[in-house]
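Only one structure is covered here, and it is reproduced in the block below.
The values are calculated or read from the model by the stated rules, or taken from the named source; none is laboratory data. Remember, it's a predicted structure, so these values are computed and weren't measured experimentally. Neighbour counts are summed over all protein chains in view; Cβ atoms, including those assigned to glycine, are modelled from backbone coordinates with ideal geometry. Heavy atoms of the whole protein, side chains included, go into the accessibility calculation; ligands, DNA and RNA do not. Shrake-Rupley method; radii C 1.70, N 1.55, O 1.52, S 1.80 Å.
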Amino acid sequence: TLMRLLVTGPEDPKVFRLPEVRGDGSPEVGVAFNSYPPLGRHGCDAPGFAAVSQMYLARDVDTSNTVEVAQATRMECGTKNQAEKNWIPFSYDNTLYFVYSVFPHEVVEVLVDGGCGARQTSVFFALGQLQLRYPGVAIRGSAQAILVDDPKATPTLPRKHFLALLHVVDLSTQRYAHFAYRFNAKPPFEILQVSTQLSLRAAVSEQGGIGFAFGSGLALRGRQVVITYAAGDRDPRALVMPLGHLDSLFAHRGSGDVSVEHWHGGLSAAPMPSIATTITTTAKACTWMEKANIIASYHVATDGSYSLAKAQSKCLELGTRICNAITCSSSGQCTLRPEARLEPSSSGETSYIPTDVCFMQEAENEQERAAAKEKAERNAEEQAEKDKDEEKNNYTKHQSDALHRESEEIFARVAAEEQAASEHDHQVELNKARARVGAIEKQLAADDVARKTAEAQAKEDDDNGKAALRRSVEDISKHLGELDDELKAMKEIEERMAAEKVRLVAIQENGH
């Protein structure tokens, strides 16, 4: 018995917070999913076109109400004539974005009405080299992106960034390999790192065949990462790990190096694909996909028209931010188109879509320019910091010199004042001592007169004269002692004055 699983309704839902908030202040919840149109797989068929899966978005979903039916709107950022799926939702600056394509990394703004706003495109070379070396694999997005701002838990990328999932699928065998990746938290949202392969446990589906697993959800609870996935389209599972452990999966041989260690469903006989910035490959020639009777978008990227060859050259020169397709009239006049949104042409136009290889050199040049600009900015910042430090040092030295000069002046002034005060005090003390010496000398002169009178009386054997002589001799002896003491005191004062002068001179010379 042949059993086939045919899905025509919604599948691969992604639940996430929208930028908008409800009346109670809680964030609105959105659900993005892919599905065939509401009329079914063949209900919207048009001549030459079959209905294909498209991406839809349901806004303000009440997750507590399992009865109410949410209404979804088709998102118009893709094309109607090819299947659209695996978009990765995230919010930035109160605006809803989706990663439309992982390689090249194309991010589109989705408006409230489902319309498409600005686009941001960048290329991560590790993925580009993988695609060049193994054209039989496709690189696609998984789950939703979450903002991470925890430098301590993410030392290999210690700054704010978005965390997301991608998968590599072998289109011939439908084998899957899953990876986490990080991209910049602000436009142009370029990829910064890709992890080593995630270990999702595969399972065989009920229809048999190769076992596989498919990542469907990504969440962060504190510092715990939760990756939900389906094994064999039947078993819901979850891979839970600390944020720090997930960060260690990015620390391998430098930023961006990744090895596909195994494929879900068995190993391939072919060499293992390697996603690494160090791989060197021979670049394939740029090719353009020709679409007859198709017009690419209705908007013209630049004024003027060109021949096909010149238009192709101009398109590659301008890059993916301006040109993603070329539409040529039946007369051979070609115009550049900003989007590869293909629509039927009623005038016989032919459109040409460049493969990703065409923009690899342009992306490489842009990355080199960005690296050179970043280096120049870093050098400018370092020089500015050096100039600032030098200016600060010069100012500090100037201030130090000024303070030193001021200190020397203060010390000199204080020393001079102290010397003057000390000299004045010592001089006053010395003058007092000299006055006392002068008084003693006058007293000695008087004592000498008295002594001579007493000697004259004593010669006449006058008892009174003898007694007066003894008293005068005693007085003279006493006053001579006092004179000797005062002379010693004067000498000490003079010695102190000399020592103090020497000390003050030293203060002036040494500055302290």
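Among the residues of region 116-137, at least one is closer than 28 Å to S172 by Cα, buried (at least 16 other Cβ atoms within 10 Å of the Cβ), at pLDDT below 85 and among the basic types (K, R). If we keep just the residues of region 148-162 that are hydrophobic (A, V, I, L, M, F, W, C) and over 17 Å from A126 (Cβ atoms), which is surrounded by the fewest Cβ atoms within 10 Å (Cβ to Cβ)? If we take residues in region 148-162 being hydrophobic (A, V, I, L, M, F, W, C) and over 17 Å from A126 (Cβ atoms), then A153 is surrounded by the fewest Cβ atoms within 10 Å (Cβ to Cβ).
Give the residues of region 175-214 that are more than 17 Å from L249 (Cα to Cα) and outside any loop (DSSP other than H, G, I, E, B), sorted by residue number.
First, pick out the residues of region 175-214 that are more than 17 Å from L249 (Cα to Cα): 175-176, 184-190, 201-214.
Listed by number, the residues that qualify are R175, Y176, N184, A203, F212, A213, F214.
Could you please let me know if E460 is open to solvent by 50 Å² or more (accessible area, probe 1.4 Å), of a type in the set (D, E) and either at pLDDT 75 or above or under 22 Å from M490 (Cβ atoms) (or both)? No: the conditions fail for E460.
With respect to (1) part of a strand (DSSP E or B); (2) more than 31 Å from the chain's Cα centre (by Cα), the lone exception for Q144 is condition (2).
Restricted to region 306-338, and to residues that are open to solvent by less than 60 Å² (accessible area, probe 1.4 Å) and of a type in the set (S, T, N, Q), which residue is farthest from the chain's Cα centre (by Cα)? Looking at the filtered set, the residue picked out is S329. Mind listing just one residue for me: the one in region 94-115 that is in contact (Cβ under 8 Å) with a residue 40 or more places away in the chain and outside any strand (DSSP E or B) and, of those, surrounded by the most Cβ atoms within 10 Å (Cβ to Cβ)? Looking at the filtered set, the residue picked out is V102.
Residue by residue, here is whether (1) in contact with a Cys (Cβ under 7 Å, 6 or more places away or on another chain); (2) at pLDDT below 85; (3) assigned to a loop (DSSP other than H, G, I, E, B); (4) not hydroxyl-bearing (S, T, Y) holds:
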site: K314; (1), (2), (3), (4): no, no, no, yes
site: S330; (1), (2), (3), (4): no, no, yes, no
site: E343; (1), (2), (3), (4): no, yes, no, yes
site: S347; (1), (2), (3), (4): no, no, yes, no
site: E362; (1), (2), (3), (4): no, yes, no, yes
site: Q367; (1), (2), (3), (4): no, yes, no, yes
site: A370; (1), (2), (3), (4): no, yes, no, yes
site: K375; (1), (2), (3), (4): no, yes, no, yes
site: R378; (1), (2), (3), (4): no, yes, no, yes
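Take D485 and decide whether it is farther than 24 Å from V505 by Cβ, without any contact (Cβ under 8 Å) to a residue 60 or more places away in the chain and assigned to a helix (DSSP H, G or I). Considered against the rule, which asks whether it is farther than 24 Å from V505 by Cβ, without any contact (Cβ under 8 Å) to a residue 60 or more places away in the chain and assigned to a helix (DSSP H, G or I), D485 comes out as yes.
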